[in-house]
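Participant: Below you will find the structure I want to go over with you.
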Amino acid sequence: MKPLPHVLDSGVAPPVPVLHYARLGEIRKAAAFWKVPNSSKLPGPQCLKALQEATADDAVAAAVAAGLKPTERGVLAAYRRYGGTVNSTVIRLDLMARGLLEKVEKRYGHFSTYDWKHDPIRPLAERLVLFRPGVRDPFAEHFSYGYGAERTIPTYVLHPTLARHVPPAGPPEWTLSPVKAATPGEARPAAEVVLDLARVLAHVAARPVKINKSGELSTPALRALAKAVPVPEDPVFVLPDPQALYFEILRGNGVIRVQDGLAEANPRALLFTLPTALQAHFWVRGWFTTRDWSDGQGAGGGAESRSEAGESPTVARRQVLAWTLAALAHQGEEWFDLMDWLAKLAEGTGSDRSLASYSHGSYAWDPKLGKAQDIEGKQGQEYQRALWFRTQALWYANALMVTLPALGLVERGRTGGKAAAACFRLTPLGRAVFGAPEVTPPADTSARFLVVQPNFDVLVYLDEADAGAMGRLAGLLKADGTSAGPVRTFRLTRDSVYNALEGGLSPAEAVGLLRQCSRNDLPTNVVQMLGEWAGRRESMVLHTDVTLLGFPSTAARDEYIAEHGGTAYGERFALPRKKGKPALAQARGTLVSDHSDGRRGTLEADEEGRLSGRKDGDTVQQARLRRFARRTDTGWEVTGATVARAVAAGHKAPVLHRWLIQSLAEFMPPLLEHALFAWAGKGPAVQLDDAILLHVADTDLFDALLTSPLVRPLLVGTPGPNWLAVRKESVEAMRELLTRMGFDPTSGLAFGELPPPDK
């Protein structure tokens, strides 16, 4: 398996900055650095335009990179290590560990502020090598101080053009003294994590899961999820609301999406089929983004992140924690004392106010930190340190010793001796994830890790399973909520097999996967029953363009069929022989759901896919709209994202087109019709580009120019009869040539008027 990306590298390409007008001196200074010719003489708008073009030129970026000073190259290499975009606290810690940034304390009585001895970041920002995303003024500053605080560094992005010419830095020197002797705990197998994630996904895929207006799981939905997916609980290191954590990790990876107040799952997601280490990489990436679950406090504990502008302190602290573990991963299979780790973290981040937490409440695990005691009798720097251990240290301890062990990335332990203390180390999976890209993850094994019994029980040895195989099997097995530990008991049931087939597993693949992972031959009766269950599913029939009649009782339904004919369904429903109005005339006093040919919807559509109307349509039309549209305040909306989601779920463009037509009261706008197929990947090719056009109305002159040896080098081509496309750099040469030949090229083109809208 190839090396993983660094866990702090989102994999998303940094945005290209769009420059807006700023102070002329700043523009010229940056333009000179990017080697813009005559930058000191160009007017402001021209200089800004030239600067934008220079920063997008790969050759210019290569020349700029070659002229960087060693300190500048070191700073940019650090940014490059994390994908070009990195949290401001993380880059500050990283640069300090590399000796590129040095903090200086200024004392004022009991209080202190911290500044930088030399700031290597600001000059790079002034030259637009680093820029602030989403800020209109490219040279904007945002530095702040506070008592007991340090000058903050904004979050910058390494210019993507220059990033291609700067190799990433290696691991920073941020180390801890290892614990000499430790009693290990029990590390959680990765297959067990995958199992819980897959069970949460299956629960969401099977039923509507309500989301509050604020974005988090509703209390009833969370209770139902906890009941459906029971997770064994550690009596000491309690993980609060684990189902909510797994839900948020899946949401952070796009496997679960929230629309119209409901959570929707993609049961065919490829996440669970990836190699173990790559799956774990995405678990951490999803954990970074969880705003509605807080480490040590559970669901709703991260509400403070939603009310604050800018970066979330919770997300920032998670990235800081990951950065420290990425550094420790290179020390090998060593144990580290929890208090040593917290003390070093306090030294590096204790004066950083951007990481301060404003959430209240107790934590599920209390590490009994002595450094947080007697805070009332302390002042100044001692008070700030004690406050950090009373607040942020509790969060860090719960994230490190509870959350990450639950994901199989960290193993807990106890130091030896009389004063036993909590310690930790990264599991082999944790070292592969946090130590990337230098630590190459091991390849998954193909060990046989389950036993299928004739009574349909399945014993699974989770500590011997790889995450990919367990992820494919999870939907096939029904969990026994009472079992715990590395050996679990599951059952094969008709419902579990049906759900696995609905998730994309074929009957042959299901049997083959069980055989591949089983230590014994599959019992004959199990193979036979799997085939029967799959056959019953495949025998299902979907009826369309029918009239469904509902009756108050079975007797009433049977009486109708005896008199008029039809097919019975369930206890009180029937499909009549006739459909549409003839069937309705016969079905007096019945509940009717008519979807025969010719029925049209009630909605109106505009060219941008907005659907509105007084009525939403019937049940079937609404169900179809939910597949490829989203709810809005005024009705529905069809977009590229909603159509792509429907196509990924297996719906073809012609089917979506027919469904949309049936939902509309009038004709569909032609542009929306073409857009629907384009969003589904079936649109015709179109081209749009800048062009310098020469129109020659006289056909003979057009042919003469097109075939002229003098003119052809100045042309790009011809877009059609009587039109020539001139090279941008040859416009003046073409103008001079035409004038010399006696023609008068006018600086403008006359176009015909557009036809009226009704044409």
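The values are calculated or read from the model by the stated rules, or taken from the named source; none is laboratory data. Note that this is a predicted model, so its numbers are computed, not measured. Here Cβ is always computed from backbone atoms with ideal geometry, including for glycine, and neighbour counts include all displayed protein chains. The protein model used for the area step is the full one, side chains on, heavy atoms only, and it has no ligands, DNA or RNA in it. Shrake-Rupley method; radii C 1.70, N 1.55, O 1.52, S 1.80 Å.
Participant: Could you tell me how many of the residues in the range 34-67 are open to solvent by 20 Å² or more (accessible area, probe 1.4 Å) and either assigned to a loop (DSSP other than H, G, I, E, B) or of a type in the set (S, T, N, Q) (or both)?
Facilitator: So the count comes out to 12.
Participant: Here are some conditions: (1) more than 30 Å from Leu462 (Cα to Cα); (2) touching a Lys or Arg at 6+ places or on another chain (Cβ under 7 Å). Ile211 meets all but one. Which one does it not meet?
Facilitator: All conditions are met except number (2).
Participant: Which condition number in (1) open to solvent by 20 Å² or more (accessible area, probe 1.4 Å); (2) at positive phi is the one that Gly215 fails?
Facilitator: (1)
Participant: Something else: Scanning the range 68-95 for residues that are open to solvent by 60 Å² or more (accessible area, probe 1.4 Å) and assigned to a helix (DSSP H, G or I), which turns out farthest from Tyr156 (Cα to Cα)?
Facilitator: Once the filter is applied, the top-ranked residue is Pro70.
Participant: Something else about it: Would you call Val229 farther than 21 Å from Phe336 by Cα, among the aliphatic types (A, V, I, L, M) and more than 23 Å from the chain's Cα centre (by Cα)?
Facilitator: Yes: the conditions hold for Val229.
Participant: Of the residues that make up the range 423-432, is at least one open to solvent by 40 Å² or more (accessible area, probe 1.4 Å) and either in contact with a Leu (Cβ under 8 Å, 6 or more places away or on another chain) or farther than 27 Å from Asp9 by Cα (or both)?
Facilitator: No, because not a single residue in the range 423-432 is open to solvent by 40 Å² or more (accessible area, probe 1.4 Å) and either in contact with a Leu (Cβ under 8 Å, 6 or more places away or on another chain) or farther than 27 Å from Asp9 by Cα (or both).
Participant: Continuing with this model, one more query. Would you point out which residue out of Pro441, Pro486 is closer than 30 Å to Ala329 by Cβ, open to solvent by less than 10 Å² (accessible area, probe 1.4 Å) and of a type outside the set (Asp, Glu)?
Facilitator: After ruling out the rest, the residue left standing is Pro441.
Participant: State which residue is surrounded by the most Cβ atoms within 10 Å (Cβ to Cβ) when the search covers only the range 715-741 and only residues that are outside any strand (DSSP E or B) and of a type in the set (A, V, I, L, M).
Facilitator: Residue satisfying both the conditions and the ranking: Met734.
Participant: When the residues of the range 551-567 are narrowed to those that are over 17 Å from Lys578 (Cβ atoms) and small (Gly, Ala, Ser), which ends up least open to solvent (accessible area, probe 1.4 Å)?
Facilitator: Ala556
Participant: Now for a separate question. Looking at (1) crowded, with 22+ Cβ neighbours inside 10 Å; (2) modelled with pLDDT of 80 or more; (3) not in a loop (DSSP other than H, G, I, E, B), which is the only condition Ala500 fails?
Facilitator: (2)
Participant: Can you pull out the residues in the range 680-714 that are open to solvent by 70 Å² or more (accessible area, probe 1.4 Å), in a loop (DSSP other than H, G, I, E, B) and not polar (S, T, N, Q)?
Facilitator: Lys682, Pro684, Ala685, Val686, Leu688, Asp689, Asp690, Ala697, Asp698, Pro709, Leu710
Participant: OK, next. Take the range 180-212 and flag every residue that is open to solvent by 30 Å² or more (accessible area, probe 1.4 Å) and either in a loop (DSSP other than H, G, I, E, B) or among the charged types (D, E, K, R) (or both).
Facilitator: The answer is Lys180, Ala181, Gly185, Glu186, Ala187, Arg188, Arg199, Arg207, Pro208, Lys210, Asn212.
Participant: Condition first: under 27 Å from Pro441 (Cβ atoms) and modelled with pLDDT under 90. Can you find one or more residues in the range 240-251 that meet it?
Facilitator: Within the range 240-251, none of the residues are under 27 Å from Pro441 (Cβ atoms) and modelled with pLDDT under 90.
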